[in-house]
Amino acid sequence: MMISVSGVRGTVGGRVGENLTPLDAVAFAAAYGSLLADAPNRRVVLGRDARPSGEGLLALVAQTLVCMGFEVIDLGLTTTPTLSMYVPRVEAAGGIMLTASHNPVEWNALKCFAPDGAFISPESGEQLKDLYFKKDFTFAPVNELGRMVPDDRALNYHIDRILDLPGVDVEAIRAAQFRIGLDPVNSGGALAVPALLDRLGVPEIHTVHAEPHGWFAHNPEPLPEHLTDLADLVRREGLDLGLAVDPDVDRLALVCETGEAFGEEYTLVAVADYWLSRQPGPVVSNLSSSRALDDVAARYGQKRYTSAVGEAHVVARMRAEGAELGGEGNGGVIVGPLHYGRDALVGIALILSHLARSGQTCSALRATLPDYAMVKRRIELDGPFDAARWEAQLLEAFPGVEIDRTDGLRIALADSWLHLRPSNTEPIARLYTEAPTREAAEALCDQLLKQPAR
């Protein structure tokens, strides 16, 4: 089990306090309810992705909050961005989304939201952790119990707001008559993405892994190596492009009409190319995102700012810099005028608008963007991330280099960079490198990892 600034995540079952058990879910929900004890509106929005553990955990979380005196707005199977947008819509004190995002099926998580629909702040996250560990909770007397209120209007509200967004060109998309492939990996995207495409006037959708039962047909992280079924579908049916989302629909990856991956790093880059051409301004991404975003921002005379990895950190930097557009290089797009959260649905609407207005194929659009190669490696940890040990190893591999310690360890070289950090979502370290060629990016990884452990 891992507790971070935005919530708690773990493998379902096992021992209390070590994994995400029913008792841990109740305790964390009670901690969140305690965090909201002074909120003027005693209302919380709940939702889940399609994982088999989701219904049971949602019931536990919901009834815990009811017993603390909250009205619980139950969205059922939904998407993280939909819940994010619905929290301020119904003037709730906050929200909890039950999803482990890209993690495998044995994982689940409680993601916690603030009244504005963004993730709770790092400061609130620290308070939440303290409340969880202290377990000093107060529940409501019987005459002050809350209630459950099912609500099926949230997705329509989300799509309405997307279609009203400047830059989403419904007429151009409808005229383009796109034929689209979709892989929603057996989760909420199977409902949400077709609903959006229908409203955008897309006449033909071909889907793989469309049954939202939560037993993911493949690793749910939308990386090229996991999207072979979608690529085959696009080639076989001669489709214009393929769309892939993760289980809670906050990450978007594309497959070109050729069946080749667009690259999840380039989802945000392509959206920035379209957005900045219409509404110039600064952009924000995390330290592990492609430098292609710097180049595209510079194309429009704008600056890219960086933050630590994690949606809450990106949003905080967006607000500080007055940026309307931000996101992460994992396919996460954040459009501030819509809401401050990663949102695959708005990413789809803007990508299709870009393609429709430019008249380009997906592969032709990709060819217009700066081209870098990124390598991502997982490093299994047998204990906590030892920053001092890894820093010594980094300096041994790259003598005299300047280290950015904002989030783990990052170095920038003349035409490349390397970033090593502990994961927020798994007990691993992530090593990312980017360079002009894949061979050069691989060599950076090898240069660090071949050094003897200290």
Subject >> Cut-off 20 Å, label 7 Å out along Cα→Cβ of T228, residues of region 251-280 by amide N >> reply: 253-264
**OP:** Please give the contour-minus-distance gain from E237 to L413: 0.36 nm per residue of separation, less the Cα-Cα distance, rounded to one decimal in nm.
**Re:** 59.0 nm
Subject >> Centroid-to-centroid separation of region 281-329 and region 116-139 [C-alpha atoms, Å] >> reply: 27
**OP:** Would you kindly derive the ³J(HN,Hα) couplings of region 247-255 from the backbone phi angles with the Karplus curve 6.51 cos²θ - 1.76 cosθ + 1.60 (θ = phi - 60°), listing them in order in whole Hz, with x for Gly and Pro?
**Re:** x, 9, 6, 10, 10, 10, 10, 10, 10
**OP:** Using +1 at the Cβ of each Lys and Arg and -1 at the Cβ of each Asp and Glu in the chain, identify which of V255, C67, A100 lies farthest towards the dipole's positive end.
**Re:** C67
Original post:
What 222 nm value per residue comes from the helices of the chain, counting each DSSP H run with n ≥ 4 as -39,500 (n - 2.57) and dividing by all residues, nearest 500 deg cm²/dmol?
Top reply: -11000 deg cm²/dmol
**OP:** In nm, give the distance between the simple-model label positions of A195 and I379, each being 7 Å from the Cα along the Cα-to-Cβ direction.
**Re:** 4.2
Original post:
Going highest first, how would you order 7-20, 184-197 by mean Cβ packing within 10 Å?
Top reply: 184-197, 7-20
Subject >> Gain upon complete extension [E442, Q279; 0.36 nm per residue less C-alpha separation] >> reply: 55.0 nm
Original post:
By counting other Cβ atoms within 10 Å of each Cβ, how are S101, S423 ranked from fewest to most?
Top reply: S423, S101
Original post:
Exposure proxy check: M68, M2 ranked by fewest other beta carbons within 10 Å?
Top reply: M2, M68
**OP:** First obtain the Kirkwood hydrodynamic radius of region 328-423 from its Cα pairs, then insert it into the Stokes-Einstein equation at 20 °C and 1.002 mPa s, and state the resulting D in µm² per second as a whole number.
**Re:** 126
Subject >> Cysteines (scope the chain) whose Cβ has no counterpart Cys Cβ under 4.7 Å >> reply: C67, C112, C445
Subject >> Spatially near lysine pairs across the chain, Cα under 24 Å, sequence gap of 8 or more or different chains >> reply: 4
Original post:
Simple spin-label model, 7 Å along Cα-to-Cβ: A298 to D136 in nm?
Top reply: 5.4
**OP:** Go through [x] 155; [y] 135; [z] 166 and flag the label whose value is the computed volume of the Cα convex hull per residue in Å³ for this structure.
**Re:** [y]
Original post:
Quick one: putting +1 on the C-beta of Lys and Arg, -1 on the C-beta of Asp and Glu, what dipole do you get for region 221-288 around its Cα centre, in Debye to the nearest 20?
Top reply: 300
Subject >> Neighbour-count ranking [beta-carbon atoms within 10 angstrom, fewest first] of F262, F216, F119 >> reply: F216, F262, F119
Subject >> Size of electric dipole in region 241-359: Cβ of Lys, Arg +1 and of Asp, Glu -1, about Cα centre, debye, nearest 20 >> reply: 460
**OP:** Calculate the spin-label point distance for T368 paired with Y157, positioning each point 7 Å from the Cα along the beta-carbon direction, and give it in nanometres.
**Re:** 3.6
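Computed from the coordinates by the stated procedures, all read-outs in this text should not be read as laboratory data. Bear in mind the structure is a predicted one, so any value in this text is a computation, not a measurement. Positions of Cβ are backbone-derived with ideal geometry, glycine not excepted, and every protein chain shown enters the neighbour counts.
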